[in-house]
Amino acid sequence: MQRLSSDRESADRRERVPAADARGFALEEFLPYRLSVAANRISRLFARRYSEAFGISIAEWRVMAVLGRFGTLSPGGITERTEMDKVKVSRAAARLAAAGLLSSEADAADGRARRFGLTPRGVRLHAAIVPIARAMEAELAAGMPPADWEALRRLLGAIAGHAGELEAKHEGPQPDMRGPTCAGCDAGAQAPR
């Protein structure tokens, strides 16, 4: 009975006092958070310009961009090249098709599968957006010395590649992080947000 009481007291203490290494955690210094904030700010900037000038979203532009580069692709090919989830690709493709910017045809190798491509109107819109996208990228680059910009591009490639390797290494069942606590955390610890 003494052991059970001691275990309960230990668990109660963990709920009240965060782990020593977690006390000084500063979200604003956490690299994944900083990357997310920067990406969100840049996406909002681009989204506003694309929406105002062309009436398309970032997701729609990404679909157009990969089709403009690679020609026809399956939905899975678009998903893989844009790093967007299947639902977002499907919705963007549907909106582009409804606007007459994207065509869909049966895959010659697999009649059940679809392949998407830009229509002539989509090709013209893509050609009109590319110079604006490049100019906006140049505006961002102007905020730092050229050597830093090139280093940033190189390092982003390295970190994305390494994250992909880690993701592949850790595929499989993941802890449930949906609730206020997670199965992979100590009792009472808050799930990461």
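Rule-based calculations on the coordinates, nothing more; no lab input. Being a predicted model, the structure only gives us computed values, none of them experimental. Virtual Cβ from ideal backbone geometry, glycine too; neighbours counted across all protein chains shown.
The set of residues in the range 110-151 being among the charged types (D, E, K, R) and part of a helix (DSSP H, G or I) consists of ARG121, ARG124, ARG134, GLU137, GLU139, ASP148, GLU150.
Listed conditions (1) more than 19 Å from PHE46 (Cα to Cα); (2) under 22 Å from the mean Cα position of the chain (by Cα) are all met by PRO145, apart from (2). Close contacts from the range 30-47, counting a first residue that is part of a helix (DSSP H, G or I) and a second that is among the acidic types (Asp, Glu), with Cβ to Cβ under 9 Å and a gap of 6+ residues or different chains, come to ARG34/GLU28; VAL37/GLU28; LEU45/GLU139.
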